[in-house]
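The next block holds one structure in the form of structure tokens; read it before the comments.
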Amino acid sequence: MNVPVITIDGPSASGKGTIAERVAAELGFHFLDSGALYRLTALLAMKHGVLLDDEAGVTALASSLPASFHDGATWLDDENVTEAIRAEAVGEGASKVAALPAVREALLGRQRAYAQPPGLVADGRDMGTVVFPHAVTKVFLTANAEARAERRYKQLIEKGNSANLAALVRDMRARDERDTQRAVAPLKPSADALVLDSTLLNIDQVVETVLRHYHSIRAKQI
Ligand code: DC
């Protein structure tokens with residue numbers, strides 16, 4: 001099936017989720033937030049009391065993950081877990097289960113199944129390198145750790161949480177280190193990806209750059 005896929009990978013808080021969703025909306029494409037699948041797997045394991053380093057146990061859950069995305073929300077069976085999967089503890093859990101090769105393998109087919117007409121925009125860490133190596137357009141979105149920490153800081157303050165900017169910068173660097181040094185599917189730009197540094201760009205400018213890149217590739221194909 002020749003469905004156009006656009007992949008947007010990058011480190012945490014690079015803004016890739018927002019950008020991917022906006023690009024998908026502009027093109028009328030489907031949208032896959034692959035990080036949500038790792039978060040859902042971690043949440044389900046926590047609910048079932050399965051240890052997050054129990055590869056066989058977590059993989060069994062990931063293989064038949066009762067997850068769905070509809071009505072603007074994220075569901076595990078009929079429970080709305082939109083907020084729950086964003087909790088810090090679930091994010092930590094997601095990064096642990098994401099390091100288990102069998103879990104990644106179990107989620108592979110499910111991610112690829114999102115490539116449906118008229119097209120897909122997928123965001124994550126390994127969309128362009130592993131999940132959709134033949135994607136028509138690949139983007140690797142970065143921003144320096146300070147800029148990403150500042151964006152996260154603003155989000156937290158807006159939601160009424162307290163936050164410490166210096167600690168966020170430290171966390172961001174530690175997470176980058178873990179994601180890029182991981183043995184399976186480490187975070188790195190695919191050789192054929194457009195590497196886009198968004199440190200000095202706003203959301204509209206990044207969306208526009210990604211769309212322009214996609215259209216220029218499509219124009220060459222026709
Ligand atoms: O993007 P996020 O914060 O929702 O991702 C949650 C965790 O899942 C994060 O630790 C990285 C991991 N992840 C991954 O390993 N591969 C992906 N394609 C997406 C996320």
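The values are calculated or read from the model by the stated rules, or taken from the named source; none is laboratory data. Values in this document were obtained by computation on a predicted structure and should not be read as measured data. With ideal geometry, Cβ positions are generated from the backbone for all residues, glycine too; neighbour counts draw on all protein chains shown. These area figures cover heavy atoms from the full protein model, side chains too; ligands, DNA and RNA do not enter into them. Shrake-Rupley method; radii C 1.70, N 1.55, O 1.52, S 1.80 Å.
Table for the structure above
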quantity: Of all residues making up the range 12-33, the number that are open to solvent by 10 Å² or more (accessible area, probe 1.4 Å), more than 9 Å from the ligand (Cβ to nearest atom) and either in contact (Cβ under 8 Å) with a residue 60 or more places away in the chain or in contact with a helix residue (DSSP H, G or I) (Cβ under 7 Å, 6 or more places away or on another chain) (or both); calculated: 10
quantity: Answer from Ala36, Ala67 - the residue that is crowded, with 19+ Cβ neighbours inside 10 Å and near the ligand (Cβ under 10 Å from one of its atoms); calculated: Ala36
quantity: In the range 116-128, the residues that are modelled with pLDDT under 95 and open to solvent by 20 Å² or more (accessible area, probe 1.4 Å); calculated: Arg125
quantity: The range 141-178, residues that are part of a loop (DSSP other than H, G, I, E, B), hydrophobic (A, V, I, L, M, F, W, C) and either within 14 Å of the ligand (Cβ to nearest atom) or open to solvent by 70 Å² or more (accessible area, probe 1.4 Å) (or both); calculated: none
quantity: Strands (runs of 3 or more DSSP E) fully within the range 1-119 counting 1 or more residues that are charged (D, E, K, R); calculated: 5-9, 30-33
quantity: Cross-chain or 6+ apart pairs with Cβ under 8 Å, the range 147-158 first and under 16 Å from Ala87 (Cα atoms), then modelled with pLDDT under 90; calculated: Arg152/Ala13; Arg152/Ala163; Arg152/Met172; Tyr153/Ala163; Leu156/Ser162; Leu156/Ala163; Ile157/Ala163
quantity: Gly124 vs. criteria within 11 Å of the ligand (Cβ to nearest atom), touching a residue at least 40 places away in the same chain (Cβ under 8 Å) and over 29 Å from Gly57 (Cβ atoms); calculated: no
quantity: Cross-chain or 6+ apart pairs with Cβ under 6 Å, the range 185-204 first and closer than 30 Å to Leu100 by Cβ, then of a type in the set (Phe, Trp, Tyr) and modelled with pLDDT of 90 or more; calculated: Pro189/Phe140; Ala193/Phe140; Val195/Phe140
quantity: Check on Val90, under 16 Å from Tyr38 (Cβ atoms) and not acidic (Asp, Glu); calculated: yes
quantity: Residue within the range 193-214 that is open to solvent by 50 Å² or more (accessible area, probe 1.4 Å), out of contact with any strand residue (DSSP E or B) (no Cβ under 9 Å at 6 or more places or on another chain) and either at pLDDT below 90 or closer than 13 Å to Pro11 by Cβ (or both) present; calculated: no
quantity: Candidates Asp54, Asp77, filtered to the one that is free of Cβ contacts under 8 Å to residues at least 12 places away in the same chain, touching a Pro at 6+ places or on another chain (Cβ under 7 Å) and away from the ligand (no atom under 16 Å from the Cβ); calculated: Asp77
quantity: Hits in the range 91-144 (condition: more than 14 Å from the chain's Cα centre (by Cα), aliphatic (A, V, I, L, M) and under 19 Å from Ala67 (Cα atoms)); calculated: Val97, Ala102, Val103, Ala106, Ala113, Ala115
